[in-house]
Amino acid sequence: MVKSRLLSAANRLFRPKAETPQSGKPRQLESAGFGGRAADRKSAETAESAEISETAESAEISSTDQQAAPLAVDVRGVRFTYPGGDRQVLDGASLQLKAGSFTAVIGGNGSGKSTLCKLFNGLIPHYYSGDFEGEVWIEGRNAAVRSVAELSRQVGYVYQDFDNQLVRPTVLDEACFAPLNYGLKEYRSMGRQALEQCGLLHLQDRFIWELSGGQRHLLAIAGALSMQPAILVVDEPVSQLDPSHARQVYELLSRLHREQGITIVVIEHHAEFIADYCTEACLMDAGKMRWLLPVPQALNRLDELAALGIQPPEVTQAAARLNERLTESGSGLMAGVPDENDGNQATRLPITLEEAERCLSSLLAAAAAAPASAGLAPANPATTWQAFADSRPLNEGLVKADRTGSARSAPDLPTSTNPVEHLQSPDNTPPGPALLELSKISLSYGTQRNGRRTILDGISLSLHAGERVAVVGGNGAGKSSLLKAAAGIVRPDAGELFLQNGSASGVPLEQMSEQVGYVFQNPEDMFIDDCVSKEVSYALTRRKVPDAELRLHEMLQAFRLQELAERDARLLSGGQQRRCSLAIGAAMRPAVMLLDEPTANLDMATREDLLRTLQALSSHVSAVVVATHDMGLVREWASRVIVLNGGRIAADGPPEKVFADRELMARAGLTLTGLMELTDRLGFGERLARPTPVSLAAEMMRLINSGLTREKEEPRHADCPQMA
Amino acid sequence: MQIARRWLERLSLESFQTQLMGMVYGSGHAVLSRLDPRCMLIWYLFFAVAPWFISSLTVLAGMFLLLAVATVLSRAAPFILFILCLGLIGQVGWLFLLSLFFGGDAESALPLLKLTLKLSVVSLASITVFSGMDPERISDGLLALGMPAAFSFSLSYGYRILPVLLEEFRSVLLSYRLRGKAPAPGRFRYIRLAVYYLKLLVLSFYPLMLATAKRSRTTVEALEVRGFSYGMKNPASRRLKLEHLRTTWRDGVFLGGTAAYVSLLFWLG
């Protein structure tokens, strides 16, 4: 019985991921017949393995177009259904990528992004032999007559779950794996070269399980680079990494693109990274490609992106909001960034931090310095930026004036340079009794190479009812360990844990978890049964909760899992899995719930959804603690922030105060969101510690208006010199 | 009880994992790791099969001595030896008790001792080979001896994936504990606790298998993409993989010495 259940579950798991259809109106795109002469730059380098490709003869080379270099990727009207699938995952997809481009493939869940990229190395249709129609040309050669192994020499592929891609024990073995398989004599030097490109050469003798997550991702890229591919596909590099590692990966990709001319394709949800690094973006929707546009134009199609649940960069959103407000107030649109790709001198919204800074600051400067009649459009951003810089004192005056007023978003900061900054204001009403109290908790781990390492160093804190706490800190600051210690999963070396009814020492984990819930970073680690409803009710039935049936129903409803109740949780999408893991945790109604990185692995739309789910969670438990890298989440959700640095608490207080101390943020290795950075650079970071696109636009409007009011008085001063 | 509990706490899955990985891959300095894996495998094959056909106590005892020395040279982890002793004593001790129950006496211990010796020789030979050489060398040795590439690769991959599996096993076990109910204090608490934990250990394998099934989708695809199946059919790739294997005088001395010793034993027996 168990066996057959297991087998059927395993069968489902082995099947390719079934993707859910996405609504939306696909538009047929213009499909140009490109092609070109074969210029297989790999064939010269690896002549000794010519036996691979005897099938692909020059007769197969498309000769429709002789003039230009071949396109790196040319997909023409591909339709594809996975074997056993009931839906066309690709429905007439076409895509032409120029050699040397850096393209982001965007689109909602189930729009066929990964499937599209699996055309490039022939996994489709050679490995997944479903219903296939259409043509794929890679570097000017037809993929239909070339094997996966052969195509993979030109197309490197890094999976989203890159950990499962690493198959060898040591770093160097891993990097050499592909060249060794292809029987290339210089496999060692190829592997080393790839490691060097990824900055991992110093780790070549390490075992894979000794590496950090970020290093493993770089290694997966090195493994793909070892064959010196012309095209590199990276599936969602950001989703599994923390912000600093994600940026490191993009810096690497950008260097490979720049210095070696590798064509790079990333599947990506995070518009900030697309704006900073990619040159083109391709929007997939319901198995078709809607458009392929230069990134600035692509990210300016706000409505279209919003309809598909893709978040444009926050700075773009802020600029769009501001434009709305400006239009409302009748002062006309701000001068955007000149659009390089448009002959009509049209402008667009800024997409990167730098662009936004230039745009908004020149707008401020124009409002403050220009005569009222000149309108808001500055003539030259560079000179007006200078003007803005000169007008700083004025700005500060504005700030000061405001401080005497009522709308004060961030009171003065304590100037102490204590390592622990207690930012709680003294006049705060004392919170209720502590639900959970940590007293001088210390924790260290024994490592294979470096002896013992201290993770937590005398942490004391207490959690009270109604708090939404975010634990933040750089890599290795001890966030996860703090949560595990608080949940009683790891026993600290020193210090004590107190629950509501006394010390927690000696309390078995099973009993402790009734009061302190813990939700894993990876939801899949929590799944122990074969369907969602059983997962949620497991603890309830185990612990003989009287109204288990009712509570299960409540949980399924609160976390929107009713329709998924009978599905295997392992086969759900990332966001659904996350909701399920929260429901499992909340079902026991613990007083405190600890969540480790709840927004990891989520795309932006699902992340928004999670924020709502967290609100739902608050009605079932008294206090929620989240360990996270995601400053956006902290900004939007938390009521208290604990900053960890080197295993100690560096700050503890409400988010606006913690965020306002940018020096502390930098010291603790916290990455500001693009919007925070922008607010800082515009010079009102202190007043707007937790900016959102809306609040930033509002603040800008206020400044502009007050600038304009001031100007109404100013002409007299301006006239003075003339009069003299 | 306190001491036992503290000892049990130290015997966590985590320390087991560290020890195991240290043993498996940390054999670089062992004397035996310098030998050619092909020689080691042939040597192992002999000691894994021959004892079953030998009934002379002298020969078996002599073999046992040789393998005890070899085990020391291979720097096997203490806990593996501990498990081996536990297994042997448990198995044979149980049989001896049974024989006493059915009217046997001290006489019946002798054939059991023989069985013990046979089992120990085979076990020690396995421990010697598998802890004296790292999995990469064993896998290369198997490939060189004509095993299919898929088989030898699975062996090395199996070892590589061990830490991942153990990690996952730990989190599944933790999941069960966080949502389960431990036996309440009362009579036979420790026995009930032991039953509870053993049950969890067994239950944890099911989610582990399902998670592994899911993970292997990417792995199999990635192997394809990285030319693994192409390499299996490619003689050049096989040649390159085995290039580093060389037999030296050490291997000759090792095999010759063993052969001479074993012939001496047979002559004595």
- Among (1) without any contact (Cβ under 8 Å) to a residue 12 or more places away in the chain; (2) under 20 Å from B:Val24 (Cα atoms), B:Thr71 falls short only on (1)
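Tell me, which residue of the range B:235-245 that is free of Cβ contacts under 8 Å to residues at least 40 places away in the same chain and buried (at least 21 other Cβ atoms within 10 Å of the Cβ) is nearest to the other protein chains (Cβ to nearest Cβ)?
Of the residues in the range B:235-245, the ones free of Cβ contacts under 8 Å to residues at least 40 places away in the same chain are B:235-237, B:239-240, B:243.
Checking which are buried (at least 21 other Cβ atoms within 10 Å of the Cβ) leaves us with B:237, B:240.
Numbers: B:Ser237: 4, B:Leu240: 6 Å.
In this case the residue turns out to be B:Ser237.
Return the residues of the range B:51-60 that are surrounded by fewer than 17 Cβ atoms within 10 Å (Cβ to Cβ) and either in contact (Cβ under 8 Å) with a residue 40 or more places away in the chain or closer than 27 Å to B:Gln17 by Cβ (or both); say none if nothing qualifies.
Filtering the range B:51-60 for residues surrounded by fewer than 17 Cβ atoms within 10 Å (Cβ to Cβ) gives B:52-53, B:55-58.
Selection gives B:Trp52, B:Ser55, B:Ser56, B:Leu57, B:Thr58.
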- Screening A:Ser244, A:Ser254 for residues that are at pLDDT 90 or above, open to solvent by 10 Å² or more (accessible area, probe 1.4 Å), within 25 Å of A:Gln311 (Cα to Cα) and polar (S, T, N, Q) leaves only A:Ser254
- Quickly run through the range A:657-684 and pick out the residues that are among the small types (Gly, Ala, Ser) and under 21 Å from A:Ile351 (Cβ atoms). A:Gly674
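Search the range A:491-524 for residues being more than 10 Å from chain B (Cβ to nearest Cβ) and among the aliphatic types (A, V, I, L, M), and hand back the single one that is surrounded by the fewest Cβ atoms within 10 Å (Cβ to Cβ). Before the answer, list the steps.
Start the filter on the range A:491-524 by keeping residues that are more than 10 Å from chain B (Cβ to nearest Cβ), which leaves A:492-507, A:515, A:523.
Next cut, among the aliphatic types (A, V, I, L, M) only: A:494, A:497, A:499, A:504, A:507.
Working: A:Ala494: 13, A:Leu497: 21, A:Leu499: 20, A:Ala504: 21, A:Val507: 17.
Looking at the filtered set, the residue picked out is A:Ala494.
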- So which residues in the range A:248-264 are within 28 Å of A:Thr628 (Cα to Cα) and in contact (Cβ under 8 Å) with a residue 60 or more places away in the chain, if there are any at all? A:Leu253, A:Ser254
- Query: Does B:Ser171 meet the test of being closer than 20 Å to B:Ala48 by Cα, open to solvent by less than 30 Å² (accessible area, probe 1.4 Å), without any contact (Cβ under 8 Å) to a residue 60 or more places away in the chain and outside the structural domain of B:Leu45 (by TED's automatic domain parsing)?
  - Reply: no
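Check whether at least one residue in the range A:668-687 is free of Cβ contacts under 8 Å to residues at least 60 places away in the same chain, of a type in the set (Gly, Ala, Ser) and open to solvent by 20 Å² or more (accessible area, probe 1.4 Å), and report yes or no.
Initial filter on the range A:668-687 (free of Cβ contacts under 8 Å to residues at least 60 places away in the same chain): A:672, A:676, A:679-680, A:685.
Now narrow it down to the ones that are of a type in the set (Gly, Ala, Ser): A:685.
Narrowing further to those that are open to solvent by 20 Å² or more (accessible area, probe 1.4 Å): none.
No, the conditions are met nowhere in the range A:668-687.
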- Query: Does the range A:525-535 hold any residues that are closer than 17 Å to B:Lys181 by Cα, at the interface with another protein chain (Cβ under 10 Å from one of its Cβ atoms) and part of a helix (DSSP H, G or I), and which are they?
  - Reply: A:Met526, A:Glu535
- Task: Only residues in the range A:590-602 that are closer than 18 Å to A:Val536 by Cα count as the first member; pair them with residues that are assigned to a loop (DSSP other than H, G, I, E, B), Cβ under 6 angstrom, at least 6 apart or cross-chain, and list the lot.
- Result: A:Pro590/A:Gln515; A:Pro590/A:Val621; A:Ala591/A:Gln515; A:Ala591/A:Ser622; A:Met593/A:Val621; A:Leu594/A:Ala487
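Among the residues of the range A:148-169, what is the count of those that are more than 7 Å from chain B (Cβ to nearest Cβ) and not basic (Lys, Arg)?
From the range A:148-169, those more than 7 Å from chain B (Cβ to nearest Cβ) are A:150-151, A:153-156, A:158, A:160, A:162-163, A:166; that's our starting set.
Then keep just the ones that are not basic (Lys, Arg); that gives A:150-151, A:154-156, A:158, A:160, A:162-163, A:166.
The total comes to 10.
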- Query: Can you tell me which residues in the range B:171-229 are under 26 Å from A:Leu119 (Cβ atoms), more than 7 Å from chain A (Cβ to nearest Cβ) and among the hydrophobic types (A, V, I, L, M, F, W, C)?
  - Reply: B:Val220
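Whether any residue in the range B:246-258 is at the interface with chain A (Cβ under 10 Å from one of its Cβ atoms), of a type outside the set (Gly, Ala, Ser) and more than 24 Å from the chain's Cα centre (by Cα) is what I want to check. Step through it out loud before you land on a result.
Our first condition is that a residue be at the interface with chain A (Cβ under 10 Å from one of its Cβ atoms); within the range B:246-258, this holds for none.
For the range B:246-258, residues at the interface with chain A (Cβ under 10 Å from one of its Cβ atoms), of a type outside the set (Gly, Ala, Ser) and more than 24 Å from the chain's Cα centre (by Cα): absent.
The values are calculated or read from the model by the stated rules, or taken from the named source; none is laboratory data. Note that the coordinates shown come from a computational prediction; the quantities given were computed from them, not determined experimentally. Positions of Cβ are backbone-derived with ideal geometry, glycine not excepted, and every protein chain shown enters the neighbour counts. Quick note on the areas: whole protein, heavy atoms, side chains included, nothing else; ligands and nucleic acids left out. Shrake-Rupley method; radii C 1.70, N 1.55, O 1.52, S 1.80 Å.
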